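Accompanying notes for the structure given below.
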Amino acid sequence: MLDGMRRSIGRSRSRLNALIATHRALAWAAPASLAAGLLAALLRALGFSLGAYALLACLTAAAAAAGALRSRKAFLDEAGAARWLDESLGECGLISAALDGLERGGEGRFDPAIAEAAEALLPRAARLRGPMGPLLRRAAIAAAALALGAYMVFLSAPLESSTAARRERGARAGTGAGQERRTAAKAVLEEGGPAAADFASSLFPDDRRMATLVERALREGRLDDLRELLKAAGLELDSKIARSIDELERKKLTKEKERLGEAAAELSMAAGDEASRGEAEGGRGAGGRGEAGPGAQGGLFAEGSGGAGDSRPGSEADAEQAEGGAAARGGKGYGAGSGSEGEWGRVETAASHERLELGAEEKGSFFELVLPGGSAAAPVSKLAPASRRAAEAAMTRESLPLEYEDFVRSYFLALSKGEKR
Amino acid sequence: MSSEEIPITACVDGMARAREEIAKVIVGQDEAIDLAIIALLCEGHVLIEGVPGLGKTLIVRSLADALMLRFSRIQFTPDLMPSDLVGATMISQGEGSDIGLRFEPGPIFANLVLADEINRASPKTQSALLQAMQEREVTIRGRSYPLPRPFLVLATQNPLEMEGTYPLPEAQIDRFLFKIIVGQPGQDEMVRILERSSGASEARAQSVMREADLVALQRAAREVVAAPFILETAARIALGTQPERPDSPARVRRYARYGAGPRGAQALMLAAKARALLDRRFNATLADLDAILLPALRHRVALNFEAQGEGIGPEDLIADSAAAARAALDFDPAITARE
């Protein structure tokens, strides 16, 4: 009787402990799958060449094994299994009492009666399998977590390949386009005619007016004017870059400027202006920051904006700072401050709290281009917010010299107060 | 025939018939009657708390009638002396000229003793009763006189009139197996009480059980099997009422002054076994523990002032302790159908 009962309880105990171990293994595997998926995806995106799926599988399996091992603490002993059977059968502890009585040798007065009653329950007890609901729920969660982990790894793959492919394409395209432009520039200067129109369109595909002016300058062989035009385009791009707060847009504009610079350099090279070539390259290299290297004047496109301090409209103090900043960098600058003078002539600006006005004392080719009417005016309320954002972005990027930051900040604060008034 | 030879099922049947006889006399108060029978099987004593006129005396008298036991009633008053309770040695003259001392037993020498309003007697008299309850014998002038078996004291307390009373010391309250709170009857019960008590004839319980059967049941109750987890649960519940234990429930730690000790756990387990036997089972269950939890422990948990101020009763703390003990028995969620 004792053996039969022990066997029956032992079988139930094994089943229940297996359930506990599986349940705990799945419980540990679910979060581990997610973490492993994230880790594998991250490593893959960072370029580590390893078996991401293998890592996912290994970490998940390790977590499941750890969970199963850990579950040993929750394993049922024989008395626990007997109690579980009692509870499941609704038999008020009869099997537990029988087991206890039998362990004591069955010497108690009621032990035989209890054992007999418990033995009658054994066939029913043998049919009990343990609840599958919790296990299935846990398994579903673990499977979902594993699938999510695998999906994260899967997502990291196209990112990696697309980045590499894009880089490769860019390299190919850059070389090809440069060669084409160089050939085209040579053809333009040698032949003129339709090639000039194509070259101008390729430089300014979205700006018909600029394309026309460049084409005209090319046809007529006015290289000085051409230089001015390209410089003006470069300045406009600089201005846009400085105002832009969108990082993507900034990159796009910077690339556009680089492309313009390359075209100008190729044009210079084609024109035999070998002396200016290196200088133009120098100016192009620092174009992203809007600073010109020393001696960058000779190239078609070697202007340099003179730093962030140069481009702001403002008071006399601004102008002084602008000039100082430009001088410090060795570039010429096109400072908009009152009294500053670039090679395009003297520029007068006047800013009040209501309007910002820009005009030229003497009309020149540059202002014909950028200010066809000879002057421009815009409400400060429209200009200031965008400029303030641009200045803030510049400060965030630390692209503004430290000594200017307080000044710029106080300037915009004063402007804001004026607007409110 | 010794008690071992008496078929236990016959004794249980006899007790069931006695219960029916008592129910013919007493309307309602089922819990009090059942607990009194369980206490009788456990050889414990019962403290009954309730206002006068709820049938406390009738319960004890009917129990004595049904079980064919000797009954005595002692009305405790401030001037009641210990000798009035346990008896006294008196000078007596025999048939010859010899004059000797003769022990005259007091009313405590009965199977069922109703100590009415025990808190009205002086501590000295209370102590004499409680000592007799514990030792089941009376010692007078260096001589011990054993009390009859079975021996059950049912002491009553009136919770309303506390002036001029001597509340039982906490250490002595612990000697009662149960503390039963007797409540007022409901309307239906009241109608039935009126029907029975206002008639021409007075109902009386018939004797249906022999003393030997009762003694056999008392022995059998101790032989009922309690699985280890039942014993563990009883121990956890008792220990869980102790405020100084860090694993006791929060409310116990906050509101209890002291909790149940080993005697409380013993009472819990023994009463659970007796209840299982009366239910024709030879093994105690958690349901048995639950059923006798409050009467067995409520007088063993003392509350602090904060608890009294906030309306917390010992029952609340016992329930917390029981819930914690049951939670410790919970299976792993993996094998629990209810998750």
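The values are calculated or read from the model by the stated rules, or taken from the named source; none is laboratory data. These figures come from a predicted structure and were not determined experimentally. Cβ: placed from backbone, ideal geometry, glycine included. Neighbour counts: every protein chain shown.
Side notes on the structure shown:
- Single match in B:Leu160, B:Leu154 (criterion: in a loop (DSSP other than H, G, I, E, B) and touching a residue at least 60 places away in the same chain (Cβ under 8 Å)): B:Leu160
- Residue in the range B:34-57 that is in a helix (DSSP H, G or I), over 18 Å from B:Phe178 (Cβ atoms) and assigned by TED's automatic domain parsing to the domain that holds B:Asp116 present: no
- Of all the residues in the range A:74-89, those that are at the interface with chain B (Cβ under 10 Å from one of its Cβ atoms), without any contact (Cβ under 8 Å) to a residue 60 or more places away in the chain and either surrounded by fewer than 21 Cβ atoms within 10 Å (Cβ to Cβ) or out of contact with any Ser or Thr (no Cβ under 7 Å at 6 or more places or on another chain) (or both) number 5.
- Within the range A:90-115, the set of residues being among the aliphatic types (A, V, I, L, M) and in contact (Cβ under 8 Å) with a residue 40 or more places away in the chain comprises A:Ile95, A:Ala98, A:Leu99, A:Leu102, A:Ala115.
- Taken together, B:Ala296, B:Ala265 contain a single residue that is assigned to a helix (DSSP H, G or I), touching a helix residue (DSSP H, G or I) at 6+ places or on another chain (Cβ under 9 Å) and either within 14 Å of another protein chain (Cβ to nearest Cβ) or in contact (Cβ under 8 Å) with a residue 60 or more places away in the chain (or both), which is B:Ala296.
- Enumeration of residues in the range A:194-247 that are surrounded by 16 or more Cβ atoms within 10 Å (Cβ to Cβ), at pLDDT 75 or above and in a loop (DSSP other than H, G, I, E, B): A:Phe204
- Pairing residues of the range A:228-252 that are under 23 Å from A:Ser268 (Cβ atoms) with residues that are part of a loop (DSSP other than H, G, I, E, B) and small (Gly, Ala, Ser), at Cβ distances under 6 Å and at least 6 apart in sequence or on separate chains, gives A:Asp238/A:Gly290; A:Asp238/A:Ser305.
So that you can scan it fast, the table gives a plain yes or no per residue for (1) within 14 Å of chain A (Cβ to nearest Cβ); (2) in a loop (DSSP other than H, G, I, E, B):
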position: B:Arg192; (1), (2): no, no
position: B:Ala205; (1), (2): no, yes
position: B:Leu214; (1), (2): no, no
position: B:Ala220; (1), (2): yes, no
position: B:Thr233; (1), (2): yes, no
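- Just so you know, in the range B:320-337 the residues that are under 24 Å from A:Ala21 (Cα atoms) and in a helix (DSSP H, G or I) include one that is nearest to the other protein chains (Cβ to nearest Cβ), and it is B:Ala334.
- Within the range B:176-188, being surrounded by fewer than 18 Cβ atoms within 10 Å (Cβ to Cβ) and closer than 22 Å to B:Ile38 by Cβ holds for B:Ile181, B:Gly183, B:Pro185.
- Taken as a whole, the structure places B:Gly199 among residues that are more than 23 Å from the chain's Cα centre (by Cα) and more than 14 Å from chain A (Cβ to nearest Cβ).
- Sole exception among (1) out of contact with any helix residue (DSSP H, G or I) (no Cβ under 7 Å at 6 or more places or on another chain); (2) in a helix (DSSP H, G or I) for B:Arg281, by number: (2)
- The residue list A:Ala57, A:Ala21, A:Ala36, A:Ala27 contains one member that is away from every other protein chain (no Cβ under 13 Å), of a type outside the set (Phe, Trp, Tyr) and over 24 Å from the mean Cα position of the chain (by Cα), which is A:Ala57.
- Just one residue in the set A:Gly67, A:Gly51 is more than 10 Å from chain B (Cβ to nearest Cβ), out of contact with any helix residue (DSSP H, G or I) (no Cβ under 6 Å at 6 or more places or on another chain) and small (Gly, Ala, Ser); that residue is A:Gly51.
- Selection within the range B:36-95 - surrounded by fewer than 22 Cβ atoms within 10 Å (Cβ to Cβ) and of a type in the set (Val, Ile, Thr): B:Val51, B:Thr57, B:Thr77, B:Thr89, B:Ile91
- Residues located in the range A:95-120, provided they are over 22 Å from B:Arg219 (Cβ atoms) and either not charged (D, E, K, R) or not assigned by TED's automatic domain parsing to the domain that holds A:Leu16 (or both): A:Ile95, A:Ser96, A:Leu99, A:Leu102, A:Ala118, A:Ala120
- Considered as a group, the residues in the range B:136-169 that are β-branched (Val, Ile, Thr) and buried (at least 22 other Cβ atoms within 10 Å of the Cβ) include one that is farthest from the chain's Cα centre (by Cα), and that residue is B:Val138.
A quick yes/no check of all residues on (1) loosely packed, with under 14 Cβ neighbours inside 10 Å; (2) farther than 21 Å from A:Leu94 by Cβ:
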| position | (1), (2) |
| --- | --- |
| A:Ile9 | no, no |
| A:Arg13 | no, no |
| A:Trp28 | no, yes |
| A:Gly47 | yes, yes |
| A:Ala54 | yes, yes |
| A:Ala62 | no, yes |
| A:Leu69 | yes, yes |
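- Residue in the range A:111-129 that is within 11 Å of chain B (Cβ to nearest Cβ) and either modelled with pLDDT under 80 or at positive phi (or both) present: yes
- If you go through the range B:68-86 and keep only what is more than 20 Å from B:Leu47 (Cβ to Cβ) and either part of a loop (DSSP other than H, G, I, E, B) or modelled with pLDDT under 85 (or both), you end up with B:Met68, B:Arg70, B:Asp79, B:Met81.
- Residue selected from the range B:235-258 under the condition out of contact with any helix residue (DSSP H, G or I) (no Cβ under 6 Å at 6 or more places or on another chain) and part of a helix (DSSP H, G or I), by the criterion farthest from the other protein chains (Cβ to nearest Cβ): B:Arg254
- Residue, surrounded by the most Cβ atoms within 10 Å (Cβ to Cβ), within the range A:90-109, restricted to residues that are more than 7 Å from every other protein chain (Cβ to nearest Cβ) and of a type in the set (Gly, Ala, Ser): A:Ala98
- The residues on offer are A:Pro134, A:Pro31, A:Pro123, and the sole one that is assigned to a helix (DSSP H, G or I) and either free of Cβ contacts under 8 Å to residues at least 60 places away in the same chain or not assigned by TED's automatic domain parsing to the domain that holds A:Gly10 (or both) is A:Pro123.
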